[in-house]
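Enquirer: Take a look at the following structure, please.
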Amino acid sequence: MMQELWDRASDTLRGRVGSNNHTAWIAPLALTGVEAGEARIATPTRFISDWVQRHYAEAIREALHDAGAAVTRISFNVAAAPRRAPARRNAAEPVRPAENDMSAPLDARFTFDNFVVGKPNELAHAAARRVAEGGPVTFNPLFLYGGVGLGKTHLMHAIASEISTRRPESRVLYLSAEQFMYRFVQALRERTVMDFKEMFRTVEVLMVDDVQFIAGKESTQEEFFHTFNALVDQGKQIVISADRAPGEIKDLEDRIKSRLQCGLVVDLHPTDYELRLGILQSKTDAFRAQYAGLCIEPGVLEFLAHRITSNVRVLEGALQRLFAFASLVGRKIDMELTQDCLADILRASDRKLSIEDIQRKVAEHYNIKLADLVGQKRVRTIARPRQVAMYLAKQMTTRSLPEIGRRFGGRDHTTIMHGVRKIEELCAEDHGMAEDVQLLRRSLEA
Ligand code: ADP
Ligand code: MG
């Protein structure tokens, strides 16, 4: 009786929500009872439950009503919906073959050979190398984090391809957290969750990129957590990346955070001038081969490394455009061409950060007044943040010391220099200070 009622409603719903939505969201449901105007619906997961409640509750109520049940309310509860005859498939919908390989394709350019190592990324690079070499699993997981375009995905791909070359028989599964979720939802929909679990639990190395994506996605987190634990228990290596440290990912369950912190957590710091120059030189060598005969004047790369500080992706794009443009117009790459061709990027990175932006952010961070920050007070609680702001102004803008001095209430350039040195020293010996500066830098770059 309940089954018949639900079958009729379900058929109506197929017409109303479309067959793809029906397969995804309606087919996994079961009607477990109707009482006093309330229909009770069982859903296999919280995720599906939330989704259906938000998107289809009214449609379901109407369909039940049309099928002859006087329903005014619907309650959802998460319980394995009873398995029944396989959901009827729309003939137009192809049946997906069982997937054996879920790994996302690797970018052939993202190798260790093509990765330029500098101070900001040397630790991450060393850890990635170690994992790629295999041997006993020493840290699990390896957690790489850092801002956009700093090389996380590059390193992940490098690890994956290195392992595949060294040990072709070992199964490496690399995918983004978004793909993980997509596969998982698909498995729920197609009732192949057991295959999904099996698939993930039989790999040697699991690599999940941009894990911050699953924050707030409950059932995906749940599944990820179990997969993670199962693999760690078996001594399999896990590599994770994210745009921030585990503890800073909002809406990520605490037990997952603490699991992620168990291994080695390393961050990719924002690039410094030397690293940017190194990357530009290495990419230039590659471009030279591609654009034979193009000449690049001395000073251009230095200029770019100085001016484009946002991230490596932008830097790369700038160089690429420069080469393409120069070869198109048949000119050598000099400062004039660079200024012309990259006007928009240069302007954007100019606009990016002013000394005032830095001062405002620092004042806010330390909870002091902007006027005090640039004023004359000498108490430590104000003088120290002031030096931090000086340091960041020197590091993150192209302004000279005298210029910075002027913006700090007309101070002398030697005062600025002293402030910069002081913070450098403190960062080296005081972990808290180093972290503060790092945090500020990150949020200014965002
Ligand atoms: P993320 O995943 O951290 O956002 P990516 O790994 O996608 O960043 O890097 C963005 C681009 O910058 C890629 O083309 C990558 O090859 C390049 N890149 C980043 N860091 C380096 C590096 N140290 N050496 C060479 N290329 C780099
Ligand atoms: Mg990435």
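Enquirer: If I take R0 = 22 Å and measure r between the Cβ atoms of Ala289 and Val314 in this structure, what FRET efficiency does the formula 1/(1 + (r/R0)^6) give, to the nearest 0.05?
Expert: It comes out at approximately 0.45.
Enquirer: Then there is this: Calculate how steeply helix 431-445 sits against the longest principal axis of the alpha-carbon atoms of the chain, using the helix alpha-carbon long axis, and give the answer as 0 to 90 degrees to the nearest 10.
Expert: On a 0 to 90 degree scale, this one is about 80.
Enquirer: Expressed as an acute angle from 0 to 90° and rounded to the nearest 10, what is the orientation of the C-alpha long axis of helix 2-17 relative to the principal long axis of the chain?
Expert: Roughly 40 degrees, rounded to the nearest 10.
Enquirer: Accessible area per residue of the chain at 1.4 Å probe, in Å²?
Expert: Heavy-atom SASA per residue in the chain reads 50 Å².
Enquirer: Moving on. So what J values fall out for segment 121-133 if you push phi through Karplus, 6.51 cos²θ - 1.76 cosθ + 1.60 with θ = phi - 60°, rounded to Hz, Gly and Pro as x?
Expert: For segment 121-133, the Karplus-derived couplings read 10, 5, 5, 4, 5, 4, 5, 5, 4, 4, 5, 5, 6 Hz, x marking Gly and Pro.
Enquirer: May I pose another question? Set the Förster radius R0 to 51 Å, insert the Cβ-Cβ distance between Ala343 and Gln186 as r into 1/(1 + (r/R0)^6), and round the FRET efficiency to 0.05.
Expert: The computed FRET efficiency comes out at 0.65.
Enquirer: Cα extents of segment 141-249 along the three principal axes, largest first, in whole Å?
Expert: For segment 141-249, the Cα extents along the three principal axes come out at 38, 35, 23 Å.
Enquirer: Continuing with this model, one more query. Counting only protein heavy atoms and a 1.4 Å probe, tell me what percentage of the chain's accessible area is made up of carbon and sulfur.
Expert: Looking at the chain in its full context, I get 50 percent from C and S.
Enquirer: Can you give the Rg and Dmax of segment 2-78 based on its C-alpha atoms, in angstrom?
Expert: 10.9, 32
Enquirer: Taking the alpha-carbon set of segment 286-376, what are its Rg and Dmax in Å?
Expert: Answer for segment 286-376, Rg first and Dmax second: 18.3, 58 Å.
Enquirer: If I fit a long axis through the Cα atoms of helix 312-329 and take the longest principal axis of the Cα atoms of the chain, what angle between them do I get, 0 to 90°, rounded to 10?
Expert: Between the helix axis and the principal axis of the chain, the angle is about 70 degrees.
Enquirer: Here's a follow-up. Assuming a strict under-20 Å limit between Cα atoms, what lysine pair count do you get for segment 345-446 once near-sequence pairs (fewer than 8 apart, same chain) are dropped?
Expert: Summing the qualifying lysine pairs gives 9.
Enquirer: For Ala36 and Asp254, calculate 0.36 nm times their separation in residues minus their Cα-Cα distance, and state this gained length in nm to one decimal.
Expert: 74.5 nm
Enquirer: If you don't mind, another one. Can you give me the pair-distance distribution of segment 355-445, C-alpha pairs, 10 Å bins, whole percents?
Expert: In order of increasing distance, the bins hold 18, 57, 25, 0 percent.
Enquirer: Right, here's the next one. Looking only at segment 179-193, which residues have a backbone nitrogen under 19 Å from a spot 7 Å from the Cα of Thr202 in the C-beta direction?
Expert: So the set is 183-184, 187-188, 191-193.
Enquirer: So, in nm, how far is label Arg8 from label Glu336 when the simple model puts each one 7 Å beyond its Cα toward the Cβ?
Expert: Each label point is offset 7 Å from its Cα along the Cβ direction, giving 8.3 nm.
Enquirer: For the chain, calculate the relative contact order in percent as a whole number, restricting contacts to Cα pairs under 8 Å that are 6 or more residues apart.
Expert: Result for the chain is 12 percent.
Enquirer: Hey, rough spin-label estimate for Arg421 and Ser170, points 7 angstrom out along Cα→Cβ, what's it come to in nanometres?
Expert: Once both label points are built, they end up 4.9 nm from each other.
Enquirer: Do any of Lys119/Lys236; Lys217/Lys250; Lys119/Lys257 go past 19 Å between their Cα atoms, and which?
Expert: Lys119/Lys236; Lys119/Lys257
Enquirer: Once you have a ≥ b ≥ c as the square roots of the Cα gyration tensor eigenvalues for the chain, tell me rounded if a/c is under 1.5, and otherwise prolate or oblate according to whether a/b is larger than b/c.
Expert: Cα axes put the chain in the prolate bin.
Enquirer: Taking H placed 1.01 Å from N in the peptide plane, check which residues at least 5 places from Gly375 or on another chain put their amide H under 5 Å from its amide H.
Expert: none
Enquirer: Arrange the peptides 199-211, 6-18 so that the one whose residues have, on average, the most other Cβ atoms within 10 Å appears first.
Expert: Ranked from most to least packed, the peptides come out as 199-211, 6-18.
Enquirer: Assuming 0.36 nm per residue, please report the length gained on full extension of the stretch Glu429 to Glu297 beyond their Cα-Cα distance.
Expert: Once the chain is fully extended between Glu429 and Glu297, it gains 43.4 nm.
Enquirer: For Arg16 paired with Arg109, estimate the spin-label separation in nm (one decimal), with each label point 7 Å from Cα along the Cα-to-Cβ line.
Expert: According to this spin-label approximation, the distance is 5.0 nm.
Enquirer: FRET efficiency for Glu218 and Glu62, Cβ-Cβ distance as r, R0 = 25 Å, nearest 0.05?
Expert: Approximately 0.35, to the nearest 0.05.
The values are calculated or read from the model by the stated rules, or taken from the named source; none is laboratory data. What you see is a predicted model; the values in this text were computed from it and never measured. Cβ coordinates were reconstructed from backbone atoms using ideal geometry, including for glycine residues, and neighbour counts include every protein chain displayed. When the accessible area is computed, the model is the full protein with side chains, heavy atoms only, and any ligands, DNA or RNA have been set aside. Shrake-Rupley method; radii C 1.70, N 1.55, O 1.52, S 1.80 Å.
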